[in-house]
1. Against the conditions (1) more than 14 Å from chain A (Cβ to nearest Cβ); (2) assigned to a strand (DSSP E or B); (3) out of contact with any Ser or Thr (no Cβ under 6 Å at 6 or more places or on another chain); (4) not aromatic (Phe, Trp, Tyr), where does B:THR110 fall short? Just the number, please.
2. Any idea which of (1) facing chain B (nearest Cβ under 10 Å); (2) open to solvent by 10 Å² or more (accessible area, probe 1.4 Å) is the one A:CYS91 doesn't satisfy?
3. Under 7 Å between Cβ atoms, at least 6 apart or on separate chains: pull out the pairs that start in the stretch A:40-53 with a residue that is touching a residue at least 24 places away in the same chain (Cβ under 8 Å) and more than 17 Å from B:THR105 (Cβ to Cβ) and end on any residue that is of a type in the set (A, V, I, L, M) and outside any strand (DSSP E or B).
4. Select from the stretch B:57-113 the residues that are touching a residue at least 40 places away in the same chain (Cβ under 8 Å) and basic (Lys, Arg) and list them in ascending order.
5. Filter the stretch B:8-49 for residues that are in contact with a Pro (Cβ under 7 Å, 6 or more places away or on another chain), modelled with pLDDT under 95 and either within 11 Å of chain A (Cβ to nearest Cβ) or in a loop (DSSP other than H, G, I, E, B) (or both) and give the result.
6. Just to be sure before I move on: is A:SER33 under 22 Å from B:THR51 (Cβ atoms) and buried (at least 16 other Cβ atoms within 10 Å of the Cβ) in the structure I sent?
7. Here is a list of conditions, (1) open to solvent by less than 40 Å² (accessible area, probe 1.4 Å); (2) more than 14 Å from chain B (Cβ to nearest Cβ); (3) not aliphatic (A, V, I, L, M), and A:THR110 meets all of them except one; can you say which number that is?
8. Just give me the residues in the stretch A:8-23 being open to solvent by less than 80 Å² (accessible area, probe 1.4 Å) and assigned to a strand (DSSP E or B), in sequence order.
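The values are calculated or read from the model by the stated rules, or taken from the named source; none is laboratory data. All values reported here derive from a predicted model rather than from experimental measurement. Quick reminder, even Gly has a Cβ in these numbers, built from the backbone with ideal geometry, and neighbours come from all protein chains shown. Please note that ligands, DNA and RNA were not included when accessible areas were found on the heavy atoms of the full protein model with its side chains. Shrake-Rupley method; radii C 1.70, N 1.55, O 1.52, S 1.80 Å.
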Amino acid sequence: NAGVTQTPKFQVLKTGQSMTLQCAQDMNHEYMSWYRQDPGMGLRLIHYSVGAGITDQGEVPNGYNVSRSTTEDFPLRLLSAAPSQTSVYFCASSYSWTGGVNEQFFGPGTRLTVL
Amino acid sequence: AQSVTQLDSHVSVSEGTPVLLRCNYSSSYSPSLFWYVQHPNKGLQLLLKYTSAATLVKGINGFEAEFKKSETSFHLTKPSAHMSDAAEYFCVVSVFGANNLFFGTGTRLTVIP
């Protein structure tokens, strides 16, 4: 059981470039989400999905797109990178979203720098 | 609306002494509360959670937290700090029907040998 995996671990982009952060889980979890972590601000929700084909915006969705074609994968796309998107990105999953009481399992993170 | 305030951004303790990490929350409804730990360059790991059962919650690695509704607090404690406890700790709140977790800004715990 690999849990939640994320690739790449590190990435440097130039302003305006696009890229996709990959996230996969092998626990058959319904709920998956993306967070960004910035110094002194905790984690903030970008997008989430409650099942294949269903996604919705979180607290800070601008500049990011997601899709969920399978239960296992939940990629995050940066359409045109900006320096403000320099951050550490975490993918998380949980068995289901029943009132927010389920444990979230987090990936190891992707450290993104936009120059 | 939900929010979390971690009262200390940095706590430093000596090895073998007690740990207290403070968390206050605000919630319009009965909350679920969590503590997560993040070791350097790692993802977050659940320490413990409160979901309206016993108010004193025991977690992994000797940590525990007490839910105090009257004080809207959920402080994390450990009787005796170990070097391996050095990490960032996040207090998190969620409520039924919400689609996300609300994170505090984190408390960095340093353990001095």
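1. So B:THR110 meets the others, but not (3).
2. All conditions are met except number (2).
3. Here the result reads A:ILE46/A:VAL60, each pair linking the stretch A:40-53 to a residue that is of a type in the set (A, V, I, L, M) and outside any strand (DSSP E or B).
4. Result: B:LYS78, B:ARG108.
5. B:LYS42, B:GLY43
6. Yes; evaluated as a whole, the condition is true for this residue.
7. (2)
8. A:GLN11, A:LEU13, A:MET19, A:THR20, A:LEU21, A:CYS23
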